[in-house]
1. Scan the stretch B:181-201 for residues that are surrounded by fewer than 24 Cβ atoms within 10 Å (Cβ to Cβ) and either of a type in the set (Phe, Trp, Tyr) or more than 14 Å from chain A (Cβ to nearest Cβ) (or both) and jot them down.
2. Scan the stretch A:238-251 for residues that are part of a loop (DSSP other than H, G, I, E, B) and in contact with a strand residue (DSSP E or B) (Cβ under 9 Å, 6 or more places away or on another chain) and jot them down.
3. Do we have any residue at all in the stretch A:240-258 that's within 14 Å of chain B (Cβ to nearest Cβ), out of contact with any Cys (no Cβ under 7 Å at 6 or more places or on another chain) and free of Cβ contacts under 8 Å to residues at least 12 places away in the same chain?
4. Could we say that residue A:114 is among the small types (Gly, Ala, Ser) and touching a Lys or Arg at 6+ places or on another chain (Cβ under 8 Å) here?
5. Select, from B:210, B:230, B:204, the only residue that is in a helix (DSSP H, G or I) and either open to solvent by 10 Å² or more (accessible area, probe 1.4 Å) or within 16 Å of residue B:98 (Cα to Cα) (or both).
6. I'd like to verify a number: residues in the stretch B:215-227 that are under 18 Å from residue B:258 (Cα atoms) and open to solvent by 20 Å² or more (accessible area, probe 1.4 Å), how many?
7. Collect the residues in the stretch B:10-22 that are under 22 Å from residue B:265 (Cβ atoms) and open to solvent by 10 Å² or more (accessible area, probe 1.4 Å), keeping them in residue-number order.
8. Which members of the stretch A:152-180 meet the condition of being hydroxyl-bearing (Ser, Thr, Tyr) and either open to solvent by less than 10 Å² (accessible area, probe 1.4 Å) or over 30 Å from residue B:209 (Cβ atoms) (or both)?
There are 2 protein chains.
Amino acid sequence: MRPLSLNTVTVKERWGLSECIEGCARHGIPGISPWRDVLAAMGVDAAAKKIRDAGLTVSGLCRGGMFPAADAAGRAAAIEDNRRAIAEAHTIGAACLVMVCGGLPPGSRDLPGARQMVADGLAAILPDARAAGVTIALEPLHPMTCADRSVLSTFAQALDLCDALGAGTGVAVDAYHVWWDPNLARDMARAGSRIAGLHICDWLVPTTDLVFDRGMPGDGVIDLAGFIALAESAGYGGLVEVELLSRRWWAEDPDHVLRLMKERHAAIG
Amino acid sequence: MRPLSLNTVTVKERWGLSECIEGCARHGIPGISPWRDVLAAMGVDAAAKKIRDAGLTVSGLCRGGMFPAADAAGRAAAIEDNRRAIAEAHTIGAACLVMVCGGLPPGSRDLPGARQMVADGLAAILPDARAAGVTIALEPLHPMTCADRSVLSTFAQALDLCDALGAGTGVAVDAYHVWWDPNLARDMARAGSRIAGLHICDWLVPTTDLVFDRGMPGDGVIDLAGFIALAESAGYGGLVEVELLSRRWWAEDPDHVLRLMKERHAAIG
């Protein structure tokens with residue numbers, strides 16, 4: 001069984017980063033993956049020390065990306081912000097910086113153009129990432145987020161970008177975003193050592209919201225055991241991160257959510 | 001400009017098939033694509049005559065498919081129902097029978113298994129389709145429908161199935177379902193003469209429902225002009241069908257909807 005990690009967004013309505021670190025320690029969850037908002041709220045140095053003192057592995061920092069913008073100034077600002085994110089990831093010892101690449105610029109219908117902006121933005125920050133020893137983890141997002149969150153829509157597209165960008169890049173593979181892909185097994189094998197992060201949650205039937213209705217592992221239709229097995233066969237040896245954006249679970253007691261995460265993770269095996 | 005076709009689901013809350021036929025004639029829309037429920041309500045023979053008398057082209061019959069089922073009896077029933085759909089498509093002179101292939105059987109997490117059920121179901125009905133001269137148009141559906149509507153999730157997957165099944169098959173390409181695909185241009189060219197139907201509507205930002213929030217062409221972010229141009233470059237010479245599942249537009253006066261469809265279609269060019 002791969003060790004578990006808590007993505008802080010899973011309990012974001014009730015816990016800040018400090019409580020997440022304490023919660024992981026209390027529940028015996030060995031990994032954590034903060035979002036930048038809670039990291040900033042706590043202070044990067046204080047967070048780094050507390051995470052280190054708790055003995056937690058940082059499976060990732062969420063998130064960089066959001067490269068497309070309507071003008072050059074907007075794109076330059078995104079690149080600068082990503083450089084700060086790289087520094088933060090380095091400070092907290094994150095295994096990777098997860099990239100949610102961004103959607104179409106407002107008013108645009110130029111999808112190939114937005115994809116080029118993503119490639120250009122990644123190329124611009126890559127020297128900084130390499131210098132800092134931070135892996136840039138491209139996260140393909142579900143095609144239903146293509147317009148407003150990520151024009152990086154498939155696993156294969158992420159791997160093609162890794163091929164083009166070279167050393168220092170990898171893929172953050174989230175079951176929720178790629179479970180439907182007919183080429184999942186092929187692409188997991190192709191990814192191999194480039195699997196920089198592995199995220200799980202579940203697809204609910206019905207799903208009532210395009211962003212905030214992800215399911216607790218085991219409550220939906222994704223073959224999560226098979227998903228993790230594919231990653232392991234490809235050589236993945238890192239943590240399994242639970243990242244749950246869900247109005248339902250945000251309303252629950254976070255200690256209950258962490259207990260359930262552990263149970264479900266153990267049941268998946 | 002490719003000729004326009006009205007998919008009857010676009011006005012399903014207010015018009016039956018008879019009113020749709022009259023509406024197309026009144027608005028100078030040369031094509032129609034009925035769903036089976038309104039076809040059955042009118043009677044297949046009566047509908048065929050009225051469509052013929054109105055001089056309308058039938059760009060498709062919606063829909064066959066829904067092959068996966070929890071047991072063999074369920075799968076056999078689906079195949080029988082598809083055989084009836086083929087006969088109906090033949091009677092009304094439809095250019096194709098559009099296949100919404102079906103999701104996971106209830107309680108199942110076996111996605112490859114469901115995909116095999118789809119392939120098996122299609123193979124079972126194909127002799128009937130060939131005998132009737134009805135093209136089976138595989139419609140890749142947006143990955144967000146994978147669990148409950150269609151495990152046929154990408155254009156390439158549909159083309160692979162066409163390759164495997166052979167003569168009598170094609171693809172119904174709906175902009176809403178494939179616009180995000182990084183391989184859209186490649187797959188449209190690969191499809192070539194196998195493009196059996198071309199559907200348009202638009203992706204709204206934000207999209208508030210996974211099924212019933214499609215946008216009127218022009219109201220969203222899809223490059224529909226580019227989409228149609230890709231199909232034409234691939235050799236497509238058929239109609240452009242507007243298929244809009246939308247609570248918003250269902251509430252409107254259908255004559256207004258048809259006028260707007262025509263305007264928007266003309267604006268796309």
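The values are calculated or read from the model by the stated rules, or taken from the named source; none is laboratory data. Just so it is clear, the model here is predicted, and its values are computed rather than measured. FYI the Cβ positions are ideal-geometry reconstructions off the backbone, even for glycines, and counts take in every protein chain you see. What goes into the accessible areas is simple: the full protein's heavy atoms, side chains included, and nothing from ligands, DNA or RNA. Shrake-Rupley method; radii C 1.70, N 1.55, O 1.52, S 1.80 Å.
1. Hits for the stretch B:181-201 are B:189, B:190, B:191, B:192, B:193, B:194, B:195.
2. A:238, A:239, A:243, A:244, A:245
3. Taking every residue of the stretch A:240-258 in turn, none turns out to be within 14 Å of chain B (Cβ to nearest Cβ), out of contact with any Cys (no Cβ under 7 Å at 6 or more places or on another chain) and free of Cβ contacts under 8 Å to residues at least 12 places away in the same chain.
4. Here the answer is no, as residue A:114 does not meet what is asked.
5. B:230
6. Number satisfying all stated conditions: 2.
7. Result: B:12, B:13, B:14, B:15, B:19, B:22.
8. The answer is A:153, A:169, A:176.
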